[in-house]
Amino acid sequence: MACVHAELRAVPDGPSPERLRALGLYKSVVLVLFLLRQNPVQEVAAELFGVSQATVSRRWNMLLPVVGKVLNRHVPEPAEASAGRVVLVDGTLVTTWDWKSEGTSMFSGKHRGTGFNLQIAATLAGDLIAVSLPLPGSRHDAFAWRQSHFPEAFVDRDKLGDLGYIGTEIRTGRRKPPGRDHSAGDKEANQSVNTLRAAVERAIAHLKDWKILATRYRGPLTRFPTIATTVTALAFYKKGW
């Protein structure tokens, strides 16, 4: 936390002390991290920090992109982070409010809810490698994979994914043949793939320790890409990249 605060102070175009007088820079950064970590309504954060909801909103809008900008240098290039490793890939839905203006574009039939599709890459040990930019939840994993920067970043890597990636270059389990059961060989192969894939599910769970990705996101959808990249940077910063 102190390191983040120090790096923020060094940002040339960062917020001036006068604009942060109500809380000060350090507590303002703590406030932003608290909002990301716990995803409370702003009124609750305001009461805990002893300020108005309007002040919470201003600090959030002002500092969120700055925190992301400062920590972005801790995010490794996916090709570098995956060098010499098998890449596990999975998609996850970050749920949002069901905004009527978006129609059905955010609705995921697989998860029966509205939100953003994030593609997550991890190692066999469950270490995070990369997080894609968000796409509407109606997009299935194979489409989201192709639209991300992952295919180019992991072009020379062995890759494993679930059945949602059939038709891509990712190795998956075997789909059940129409009208027949899996063969003994297919069952064994699928079990092996699923055992290995458990590591990427752990990586997703750790990423969602930041509750703004684990509980329903209530803010403007246009702000979510900044939130996703900031939480990704925080996850790598915590790992010491």
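The values are calculated or read from the model by the stated rules, or taken from the named source; none is laboratory data. Everything numeric here is computed off the predicted structure, so don't read it as measured data. Note: accessible area is taken over every heavy atom of the protein model, side chains too, but ligands, DNA and RNA are not part of it. Shrake-Rupley method; radii C 1.70, N 1.55, O 1.52, S 1.80 Å.
For region 129-239, with all protein chains in place and a probe radius of 1.4 Å, 51% of the accessible heavy-atom surface sits on carbon or sulfur.
In summary, the lysines within cross-link reach of LYS110, defined as a Cα separation below 27 angstrom excluding same-chain residues under 8 places away, comprise LYS100, LYS159, LYS176, LYS187, LYS208, LYS211. Accessible area per residue for the chain, computed on protein heavy atoms with a 1.4 Å probe, is 52 Å².
In order along region 119-135, the phi-based Karplus estimate (6.51 cos²θ - 1.76 cosθ + 1.60, θ = phi - 60°) of 3J(HN,Hα) comes to 8, 10, 10, 8, 8, 5, 8, x, 7, 5, 10, 6, 10, 7, 5, x, 10 Hz; Gly and Pro are listed as x.
Hydrophobic long helices, here whole DSSP H runs in the chain with Kyte-Doolittle means of at least 1.0 and Cα atoms spread over 20 Å or more along the helix axis, are found at 24-38.
Computing percent of Cα pairs over 23 Å apart for the structure here picks out one of [x] 41; [y] 48; [z] 54, namely [z].
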